1. Pull up segment B:137-168, narrow it to residues that are buried (at least 22 other Cβ atoms within 10 Å of the Cβ) and within 14 Å of chain A (Cβ to nearest Cβ), then point me to the one that is farthest from B:Val87 (Cα to Cα).
2. Assess whether A:Cys905 counts as being closer than 22 Å to A:Ser615 by Cα, within 14 Å of chain B (Cβ to nearest Cβ) and crowded, with 21+ Cβ neighbours inside 10 Å.
3. Would you point out which residue out of A:Arg532, A:Arg487, A:Arg526, A:Arg507 is at positive phi and of a type in the set (D, E, K, R)?
4. Looking only at helices (runs of 4 or more DSSP H) that lie completely in segment A:729-843, which have at least 3 residues being in contact with a His (Cβ under 8 Å, 6 or more places away or on another chain)?
5. Tell me, please, whether a residue that is at pLDDT 65 or above and over 23 Å from the mean Cα position of the chain (by Cα) can be found in segment A:320-338.
6. Where in segment B:63-136 are there helices (runs of 4 or more DSSP H), lying fully within it, with 2 or more residues that are under 19 Å from the mean Cα position of the chain (by Cα)?
7. So which residues in segment A:660-685 are in a helix (DSSP H, G or I) and under 20 Å from A:Glu468 (Cα atoms)?
8. If I go through segment A:21-47 residue by residue, how many of them are part of a strand (DSSP E or B), closer than 24 Å to A:Ala86 by Cα and among the β-branched types (Val, Ile, Thr)?
Amino acid sequence: MSIPAAAATIPPIDRMPGWDPQWSRLLTVQSPADPAGTVRTFHIADTGPALAAMGVEVHGTILAVHGNPTWSYLWRSLMRATVDQARAGGTAWRMIAPDQLDMGFSERLPHAQMPRPETMGTADSDYRGLAARLDDLTAITDALELPGLVAAGHRLVTIGHDWGGVVSLGWAGRHAELLSGVMTLNTAVHQPEGAPIPVPLQAALAGPLLANSTVATDAFVSVTTSLASPQLSRAVRAAYHLPYTSADRRGGVGGFVADIPATADHGSHPALQEVSAGVSALGAADVPALILWGADDPVFLDRYLDDLRDRLPAARVHRYEEAGHLLVEDRDLTGPVLTWLELLDTGMLSSPGSGLPVSLPEPELRYEAHPSTTSLHLEDLESHVSAGEEDDDGTAPSGQDVPAAPAQPASSSSGRRRLWDQLEEWGAPEAYNRDATALVDMTGAASSRAIVRRKRRPVAVSWGELQEMVSAIATGLWAAGVRPGDRVSMLVPPGRDLTAALYAVLRLGAVAVVADQGLGIKGMTRAMKSARPKWIIGQTPGLTLARAQSWPGTRFSVATLGAAQRSLLNVEDSLYAMVERHRDPHRVGPVDEQGQMLPVPEEHQEAAVLFTSGSTGPAKGVVYTHGRLGHLVRRIRRTLGIEPGSSLLAGFAPFALLGPALGATSVSPDMDVTKPATLTARGLAEAAEAGQSTVLFASPAALRNVVATADELDEAGHAVLDRIRLVLSAGAPVPPSLMRQVTALVPNAQVHSPYGMTEGLLLTDIDADTVQELVHAKDAGVCVGTPIETVEVAIAPLLEDGSAEEVILDRESGWGVLGEVVVSAPHLKERYDALWYTDQQSKRDSLFGGGGRVWHRTNDVGHVDAEGRLWIEGRLQHVVSTPHGPVAPVGPEAAIDALGPVDRCAVVGVGPAGTQALVVCVEAAKPATRPEKRAGHLRDGRPKPGLAPAELATQVRAAVAPLAVSAVLVTEAIPTDIRHNSKIDRARMARWAEHVLAGGKVGHP
Amino acid sequence: MSRMGFEVELDALGTPQVFEQPEAHRVLVTGASGILGQGVARALLASGSEVVTLQRRPSGVEGAEDVRGSVADPEAVARAMDGVDTVVHVAAKVSVSGREEEFELVNVAGTQYVVEAARDAGVSRMVHISSPSVAHAGSSIVGEGAGPADPAAARGPYARTKAAGELIALSADSPSFHVLALRPHLMWGPGDMQLTDRIVQRARAGRMPVLGSGAALVDTLYTWNAVEAVLAAVTAADHTHGESLVVTNGEPRPVGELITRIAMAGGAAPPRLRLPAGVARRAGALVERAWERNLFGMRRATADGEPPLTEFLAEQLSTSHWFDQRRTREVLDWRPRVSIDEGLERVAEHYAER
């Protein structure tokens, strides 16, 4: 079948929602790909005329290239946003988006036959190959005189998608001297030798199918436009199809598919190699880059993103977990693009990372601790803080006379203590403390032989042994090829082996990736694909999962596996084998093959990626540098008073790992850390006994179970708990009643509840006495105490629509104001991983006093009371924006929960932001005695789901007065998270309430 | 009867600030025998304006100059317009059923006559009382503002003709003739016979149903708040005109809760009759048709001369209807002074005294 030539036309603008007629123009050029005298006409989307009509001065141009089978219509939202920004007086960016030849409304070339991969990119084909398309784009930019504009100070950046990513990046590689930066959405500039091409393309490329699926029918176009999630509106989808209504119009669609250089002998393979080399050169030249990526794309898999990141190491990357191939339709990209352009202009993109200062000096300004938090460690504060020794932990912990250890490796330039220093000091040969216990693992460590253990025997490890293990593993990892900066996924449960592996990874300068198994298989898989570890250290269950889910990374097992299992799980080596091979009692620290001590990583280097719990959307990777973890360890020492020589019994994941850095004996109890309620009183006492524990760290859920099983304890068990002097509980608020019960069980301990999150593990602290004191306080929410040393808390007041203001107030001026809690501290996260725009939004870089502080938006809302204490009142996205102002849910919920007939409740908003109606959803309590059967009530005496009975509604309204409650609804069960059974799924409740209050059937939330 | 309600209001609240007009007005209030028109006339008088009323029956407003006649009679309208500078056009045929021509005559032609006569008489401002039903076609309304009136989409003859009337009034808006349209939503209060007394009477007779779950969220407006909103609109029309504002108490409530509490305030037992919303809507449609043809002698069946249920009413009572009040409050500089809870107390006092 042959295809006739057809002229370029202006598209039917009345059938293109979101398009401005001013944007469409035709441009005729002579492309170097054609013989002299042959000209081609392109349909070009260009906001230049619209900007000129507004009379604004154009600052720069965004050259946007579409892929296959889209066309310039793809870029309409970015075109709209750039024009709007210019109209509002912001920086004026002109967008130029050509339709490629044979595509969109550009000229159709005559074709003698259907496209075939064998001839593409050669003289035997009359279809445009990659090299010709690069020439075409150059002809267009020349005709538009972009080189001249750039010479006159005009900025030029490119953006592309799919094949347009290849063409735009190829053009960028050829014209690096004109460029200010490059952006790309899902694309691929390199097809690795031997790697299979993505399944959907294999089908499209298969022989006769190609012409049939791409040209003869509109299958390829239809499949592409069906990939949007959520689905495109009918009108928008129809607009995408406008240029491709008949086979004559679709030659280019097949041409592009045939042009995929799937093999090295493909005619366009050399051109693709030129493109990929050009991208690498841009990366080497530090050209600013932005990669926005829809992770759920069947064609552009993560390996293509990895390839791009390798070529553009300084690129800002935002990987949208739940978006796909048509990312620009799935997500609003105008925010990220405009923000990146703004940073480009301020020169903040030239350094890697987040666009904000990479490392923070320890702040001069220090928070004057509130008496309630200082009472515990007044001596520490005096001896350290007042002496101004913040950065110098000293080689000797206060009150102890520790001789300097021999054979110390070079310390870092800052002179601060590093995470492994204490371990290497006490674990050194001849060290006085070498044989003291560093770690007790109550679960027993994995056996080197596959024996089913009948009874778990605690394993105790001395500082000397642990140091030797860590040094040996780090040496072994180096020998296996692990290098500083490499990411290493840790699929090992807490205990001796995880601790040893973690410190080896840290010391080596590799980056530990830690995702809690509580995320589930899907969540873990997402986390692994976004963090893209190069290596995995795992025990058999973790490695089996990694294999089943095709997680990336070369595998190491913990114990040495049999040959069959090694081969099945694709395991390279084992940690135990490394320890056997490289253990050396005369050496401290890891060495390379020549026996040279491996260098110590710098403080600004990445140390770990910790994943959030994922309770609000996909889990986010949080990056910590060595410097920031060092600050965290210092805070735990100073503020919580866990000094070297303490013994820390940790049933709470992140803190269980910090024992060696703190110089504290760490004890991991026999429990499943992902299920806190598996910690029993007896298990606790046994662990405390084995480790002579003085400090207990556990979540409220774990403590609740300990209290519930306290009957198990004999006298000896109680005596062990009497030795504990400090109980720390974090992860969720600790109710006053639980605080009292814990105090009774552990009578000599102070009970504290620090507040924090993955992005800032230790922010404020409150003790049991203060919690009791505040039981009858009038403040709404849960009091989390005062900020610990070096932490600054500020409030971003809420706006009418429930979002937070840009301006933030310090604790004094923000007194009593409801707002988003914003924090700053040296031990906060460095940034989010592969979530550049989320990171941008999470940061605020200006406030009172400036001083280069970086502020993190916690997404929690609350207020500060007259004593400077912070009260948390819910999550930002759960704020109800009523016409009378924003309402945070936790305060009113607590008042309603206190009512007799209420078991629990959710306060939600329905209706548009700024004028929402406040609705209370109640899960009613069963009456103590079963009442008579009543109309509108269930058998158990609770009201039927639906509208609450009048008396209940009246009680609820009175409980939260003067808040105006529009409706009180009853449901049988309020949905909560599986993990804690306490976090209410307010979003789901709000959807249910909206449905019921619109007159829908009641049903279940 | 209705007078007593407002006497209570005036005693309780005193003359509100909004009544103090910058200059003495001569105001024509059409439809002053109804509760809203009567309240507006009395409040205007209390604030020092001269008041002319136009309706077929005596207005019963002491101190007002009654012109007897229909808004559908151009001569009567012209007579009432003599010397007037402000018109508050309340008169309308308000019903959930009835013949299209009757609605046309009052709500469309009547409005046309009022507008023309006002312009001829050099009136400078007009507050046109409309209805939220002019802009919405049956589906639920969740926190929306006032959309444009749309006779083609409006449901039923009342909404259709009120929509046409509002368009006539607003299209007459000009720099010399300011027109502001108010759309009060579901007015209730002591002395209100349209909604409040019907709920009470039907609940007393055990015939007041709750449709569906009764949870549909609806906005309502306490009558006295409506009166104050109209007076605020007279002032506001000087600076803002040519648009429509939905007026409510800004306290959306589940319709089942409101009906129950109004019934109880009127001394009736809480309604127990429950109808699935879909059934009610279909039943309403049947009743409506039967009513129009007076099948089975239906029109004798109810005390108030209205059908027991219509499709429109069933829809109103089973889907949400609540509004964004921010623009209304901004323009009118008005806040409802009587909350739903206070209003219910007044209703209870009113029925207790009867």
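1. So, considering only residues that are buried (at least 22 other Cβ atoms within 10 Å of the Cβ) and within 14 Å of chain A (Cβ to nearest Cβ), the one farthest from B:Val87 (Cα to Cα) is B:Val142.
2. Values: closer than 22 Å to A:Ser615 by Cα: yes; within 14 Å of chain B (Cβ to nearest Cβ): no; crowded, with 21+ Cβ neighbours inside 10 Å: yes.
Spelling it out, it is not the case that A:Cys905 is closer than 22 Å to A:Ser615 by Cα, within 14 Å of chain B (Cβ to nearest Cβ) and crowded, with 21+ Cβ neighbours inside 10 Å.
3. Sole residue among the options that is at positive phi and of a type in the set (D, E, K, R): A:Arg532.
4. Working: elements: A:736-745, A:768-773, A:836-842.
It comes to A:836-842.
5. no
6. Details: elements: B:74-80, B:100-103, B:110-120.
Output list reads B:100-103, B:110-120.
7. A:Pro660, A:Ala661, A:Leu662
8. Residues meeting the conditions: 1.
The values are calculated or read from the model by the stated rules, or taken from the named source; none is laboratory data. Model, not experiment: these values are computed from the prediction. Methodologically, a virtual Cβ is constructed for each residue, glycine included, from the backbone with ideal geometry; neighbour enumeration extends over all protein chains shown.
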